[in-house]
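**Student:** The structure that follows is given in the form of structure tokens.
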Amino acid sequence: MMKLAVLALATMVAGCDDSIAIEIRVPDGIAAEEVELFLGVDRCQATAGPCEGIGAKDRPLALGTVYDRDSNRVFRAPVSDGVAEFKIAADDLKIPVIIAIGQPADPASEEVLGAAQLLDVDLSAGATRYIETLEPVDREDVAKADAVLWRRADTIGCAGFRARNAEVPTFVVAQGDPDCDDFVDPNVECDELVWHGRVAMPGKTCVTHGRVDNEDACTFGTPACVDGVGPTECAAGPTCIPERLCDCESAPDPVMCVANAVANTPLLTHVRCEIPFQQAAPDADWVACPNVKLVANLDGPLLQRTCLQPELLIDNMNTYDTDLDIVLDGTHAVSVHVNELAMPGKCNFDLVASGNSVDAPPVPQPSLRTIVRMTVPATGRILLVPIDLAFDLVGEQNACPAAGGMVQCTFDTGPPGTVETIDACAR
């Protein structure tokens, strides 16, 4: 492995007139107090061969180019007058990649305030100065740079950088622990390329409690080998369900138990949307009010993440779609279409109902309970939230909300004192 001597520029280095200087500029608007360099010196090798990508902390596996960092030394320099400076002693080698991360003045911080990348730094080029400028990072916008930093317990870090308009990132990781999760024993390191990773094993879907961002959550699971644990019969998965459904954990068929509980448990965390129906005359059939949106704003109970791709459960806990036909007493009553409301930091969606006229529904007014499935793209987690679709008999013609109008759905977290953990998956 290449060995490098890296010092802050302010330190006197005897006999280093031909050393390589690296200047990282920090523009206004990036509040970095220090810059840390991650020197990628050798291509990463995993047990099964070259590292083809890394799953950083709380991120899915991303294919990319992966390098081992230069031993476990930490290379940091303070920002002074908008510049952090480093020197590297001359050598006859090249450093393929250096990732620069702007940070607070805290060596344990994982916050990325700005990032940059230097390629092919030639240590044999004589007295040379490399200058690069930190840029803001944005995970969601591929037209902007993105960077990630996560650390082991000893604060040794791994870093990733995706240049603007680039399709894949570059990673600089700890040799021997490329996912930087402190698990290196092969008995408990199931996926050495994914932070706290897991590898699926044959078996049926189960229900269990598991850790989601250091919080306990009820999830569907599968038999799996889990980093830090090893093989287990039911490992928590990415699909989160309301807390009370974990009562199905020990059921002979947990999935069927969940389906029955969703349908038959009144005091269960759920969304309720009332579809307005009207009559043309007192004895006429009921029809769904046209062009009315039923809006579910879940950014109160489900905070801080953007939820996309809503779908409604069609049948048997297996099939989901954006359209659901509700059939009542053998009569086609109404079709419901769910729409994505792509609002940053919010878990919102809306429903639009349409359908044929139907006989007056029985009393009490009927409702159908199903599930809305939403994906949190930032983490890859899936939220399964029960939803009641109720018929709201608003009266005779002209009692409907105006075309294009909105009706707010409600969100019920269950009985008082219920500890709900599905929101952990949306954080």
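**Student:** For residue 126, are the conditions met, namely being surrounded by 14 or more Cβ atoms within 10 Å (Cβ to Cβ), assigned by TED's automatic domain parsing to the domain that holds residue 167 and not charged (D, E, K, R)?
**Tutor:** In short, no.
**Student:** Follow-up. Output the residues belonging to the range 48-91 that are in a loop (DSSP other than H, G, I, E, B), crowded, with 16+ Cβ neighbours inside 10 Å, of a type outside the set (A, V, I, L, M, F, W, C) and touching a Pro at 6+ places or on another chain (Cβ under 8 Å).
**Tutor:** Once the filter is applied, which keeps residues that are in a loop (DSSP other than H, G, I, E, B), crowded, with 16+ Cβ neighbours inside 10 Å, of a type outside the set (A, V, I, L, M, F, W, C) and touching a Pro at 6+ places or on another chain (Cβ under 8 Å), the range 48-91 yields only 64.
**Student:** Would you confirm whether or not the range 314-336 contains a residue that is in contact with a Cys (Cβ under 6 Å, 6 or more places away or on another chain), crowded, with 19+ Cβ neighbours inside 10 Å and modelled with pLDDT under 80?
**Tutor:** Within the range 314-336, not a single residue is in contact with a Cys (Cβ under 6 Å, 6 or more places away or on another chain), crowded, with 19+ Cβ neighbours inside 10 Å and modelled with pLDDT under 80.
**Student:** OK, next. Any idea how many residues of the range 123-150 are over 24 Å from residue 88 (Cα atoms) and among the basic types (Lys, Arg)?
**Tutor:** So the count comes out to 2.
**Student:** Being within 30 Å of residue 252 (Cα to Cα) and basic (Lys, Arg) narrows it down to one residue among 144, 204; which is it?
**Tutor:** 204
**Student:** Six or more apart or on different chains, Cβ under 6 Å: which pairs go from a residue in the range 40-51 that's over 22 Å from residue 121 (Cβ atoms) to one that's acidic (Asp, Glu)? Could you list them?
**Tutor:** 46/192
**Student:** Test residue 207 against the criterion of being in contact with a helix residue (DSSP H, G or I) (Cβ under 6 Å, 6 or more places away or on another chain) and either assigned to a helix (DSSP H, G or I) or at pLDDT 90 or above (or both), and give yes or no.
**Tutor:** yes
**Student:** Let me ask something additional. Return only the number of the condition from (1) over 18 Å from residue 116 (Cβ atoms); (2) acidic (Asp, Glu); (3) not in a loop (DSSP other than H, G, I, E, B) that residue 36 does not satisfy.
**Tutor:** (1)
**Student:** From 163, 116, which residue is of a type in the set (Gly, Ala, Ser), in contact with an Asp or Glu (Cβ under 6 Å, 6 or more places away or on another chain) and surrounded by 16 or more Cβ atoms within 10 Å (Cβ to Cβ)?
**Tutor:** Every option except 116 fails the conditions.
**Student:** Among 259, 263, 217, which is in contact with a Ser or Thr (Cβ under 9 Å, 6 or more places away or on another chain), closer than 25 Å to residue 411 by Cα and in a helix (DSSP H, G or I)?
**Tutor:** None of the other options fit; the residue is 263.
The values are calculated or read from the model by the stated rules, or taken from the named source; none is laboratory data. All of these numbers come straight from a predicted model, not from anything done at the bench. All Cβ positions, even for glycine, are placed from backbone atoms using ideal geometry, and neighbour counts span all protein chains on display.
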